[in-house]
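The values are calculated or read from the model by the stated rules, or taken from the named source; none is laboratory data. As the structure is a prediction and not an experimental result, all values here were calculated from the model. Here the Cβ positions follow ideal geometry from the backbone for every residue, glycine too, while neighbour counts run over all protein chains shown.
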Amino acid sequence: MSTPQLASFKIPAIENEPMKSYAPGSAERQALAAAITQMEQELPFEVPCIVNGVEIKTGSLAKQPMPHDHARHLCTYHEADEATVAQAIDGALAAKAEWESMPWNDRAASFSRRRILSLIAATILGQGKNTWQAEIDAAAELTDFFRFGVKFVEELYAQQPAKNSSGSWNRTEYRALEGFVLAVSPFNFTAIGGNLPGTPALVGNVVVWKPSPMATYSNYLVYRILAEAGVPPGVIQFVPGKPAEIVGQAINHPSFAALHFTGSTFVFKKLWKDIAMNLDKYKGYPRIVGETGGKNFHIVHKSAEVRNAVLQTVRGAFEYQGQKCSALSRLYVSSSVWNGGFKDQLLAEVAKIRVGVPTDWSNFMGPVIGWPAYEKILGYIQKAKDAGGEVLAGGTGDRSKGYFIQPTVILSKDPKSVTMVEEIFGPVVTVFVFEDADFEKTLDLIDNTTEYALTGAIFSTDRKALITATNRLRNAAGNVYYNEKCTGAVVGQQPFGGARASGTNDKAGSVSIFYRFVSARSIKENFVSVEDFGYPSNLL
Ligand SMILES: NC(=O)c1ccc[n+]([C@@H]2O[C@H](COP(=O)([O-])OP(=O)(O)OC[C@H]3O[C@@H](n4cnc5c(N)ncnc54)[C@H](O)[C@@H]3O)[C@@H](O)[C@H]2O)c1
Ligand SMILES: N[C@@H](CCC=O)C(=O)O
């Protein structure tokens, strides 16, 4: 028997989750310190796959090391094998009918969660974020994704045909996709881990979720939080393990209906091609949603307020060790500003940055995520040097205990040198100084230098310069900031995503993304019987 829905419910008013400051002596600092200590005492945790709400221990074990202390690991996890993935897909498809037909308010209730302290601690220890970065991610952004998601779906469902001809009623129904959604999430945001399965599930889809090996424990806690909040068994299947195998098996399945991916451009393009090659296997045309890499810029006009531009640059480039898709990595500065104090202030501020374990409150930067990232980032610094780049700050690393790289500033005379073009995903910013008179030429350069188009910021007190830059850079970034760093988009405030090689720009944190995970059905009901098949125009 279907469940009656006896009212049109309104969701409670929502605001962005207030962020806690963790100031010295505050209750939240004390509580978080205790949660971290407890987690450190209890680790390593054992993480199973979870299929149909049941823990599966395959026995094929992998570790998630802690990037600040690589000899120790936060968890050991069971890698999903072929049988487990098959069971996850079958189980999700079996859970689909009940979930998609559940009254919307009941589905929504499972996503109206509150912050969880252990998730912040897991993000600090497992992904190397300092407290503030973990707070904006695992507490604020995750909560916002879910709560605003509920509001966006309410808005989506309210979109109904504008007109009804006399004697009829038109309705639009937002069906879940036919089949299952595959969510493949990155290491760098616990919130994105939750959002990738959460968004499709909110609109009634069932999801097979493969988390990043480097964020397994925090993502497992997200799964548990959702399950405890009421997401039924089978609706989200948690299958950590070998990426290529698990993802390959899922996209080979005839019921594969959508990919919800965030990660590198390289992997996304590969998956898109694999899906295209499988097209004849599928029942429909799979939806492909992917937010990927960036090569984000700041341009500092001669009219810029220098102090603000410097400090925003430091945060944009070095927060979370530059491991945000939105991180600043190419900086264009007008020569009068560069020589008139920007350079000196930038280097003085960078020299103040403390790099070290994320559990030490005074560290602004922590470790990069792992050994391959460490090698890759230092490799890019070497390539920049080989190409004649001048390392003004940093350039070195220490991997004896954790993967630490100093904040690095490179000055390049060649605006198309390798570190101006390719995504590094680490604490490295390359500067190009342009003549004041070449502002417009530099805008074209920004537009043409990389394949990416994710975020950018314009620093100027001259409105005309802001307008010119905004127009000339129309397709160079999906998120643009004036006099503010190019990172830190907030759900419900700056819908996030870029175009070109940076992704499908479906705007996480807005109603737009939900359209990608529904397949609308138009229903027309007629209340007036016809009396003859002929038309008045047929009458003689
Ligand atoms: N645009 C955005 O919103 C956004 C947000 C966060 C991160 N990112 C991007 O993500 C990247 C960093 O994250 P990452 O290192 O986790 O990315 P990644 O591409 O290495 O991994 C992303 C996911 O894909 C999986 N994967 C890796 N190789 C695979 C393969 N061959 N087949 C199938 N799946 C595979 C990984 O296990 C992970 O779950 C950066 O490029 C960054 O710019 C983008
Ligand atoms: N919300 C983030 C984007 C996440 C990318 O990794 C920001 O804008 O900093």
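Checked against the criterion of being in contact with a Cys (Cβ under 7 Å, 6 or more places away or on another chain) and outside the structural domain of T143 (by TED's automatic domain parsing), the candidates L454, L473, L539, L466 yield just one match: L454. Every condition in (1) loosely packed, with under 15 Cβ neighbours inside 10 Å; (2) within 23 Å of K401 (Cα to Cα); (3) without any contact (Cβ under 8 Å) to a residue 12 or more places away in the chain is met by A71 except one, and the failing one is (3). Remark: pairs (first residue in segment 484-496, aromatic (F, W, Y); second residue within 12 Å of ligand 1 (Cβ to nearest atom) and not in a loop (DSSP other than H, G, I, E, B); Cβ separation under 8 Å; 6+ apart in sequence or on different chains) = F496/E291; F496/N479; F496/A508.
Report, by residue number, each residue of segment 172-196 that is more than 16 Å from ligand 1 (Cβ to nearest atom) and either under 25 Å from E291 (Cα atoms) or not assigned by TED's automatic domain parsing to the domain that holds S519 (or both).
Going residue by residue through segment 172-196, those that are more than 16 Å from ligand 1 (Cβ to nearest atom) are 172-180.
Y174, R175, A176, L177, E178, G179, F180, listed by residue number.
Considering (1) within 16 Å of ligand 2 (Cβ to nearest atom); (2) free of Cβ contacts under 8 Å to residues at least 60 places away in the same chain, the lone condition that Y285 does not fulfil carries the number (1). Whether any residue in segment 292-311 is part of a helix (DSSP H, G or I) and among the basic types (K, R) is what I want to check. Looking for residues that are part of a helix (DSSP H, G or I) and among the basic types (K, R), one finds at least one in segment 292-311, hence yes.
Condition check for I513 on (1) within 16 Å of ligand 2 (Cβ to nearest atom); (2) of a type in the set (V, I, T); (3) assigned to a loop (DSSP other than H, G, I, E, B): one failure, at (3). When T199 is tested against (1) more than 14 Å from ligand 1 (Cβ to nearest atom); (2) at pLDDT 95 or above; (3) in contact with a Lys or Arg (Cβ under 9 Å, 6 or more places away or on another chain); (4) within 18 Å of F514 (Cα to Cα), only condition (1) is not met. Quick check: is even one residue across segment 456-474 within 16 Å of ligand 1 (Cβ to nearest atom) and among the charged types (D, E, K, R)? No - not one qualifying residue is present in segment 456-474. Candidates in segment 474-506 are the residues that are under 23 Å from V150 (Cα atoms) and touching a helix residue (DSSP H, G or I) at 6+ places or on another chain (Cβ under 6 Å); of these, the one that is nearest to ligand 2 (Cβ to nearest atom) is V491. Residues of segment 38-65 that are within 11 Å of Y217 (Cα to Cα) and in a strand (DSSP E or B): F45, E46, V47, K63, Q64, P65. When the test is whether a residue is within 16 Å of ligand 2 (Cβ to nearest atom), in a helix (DSSP H, G or I), buried (at least 22 other Cβ atoms within 10 Å of the Cβ) and not polar (S, T, N, Q), F268 passes it.
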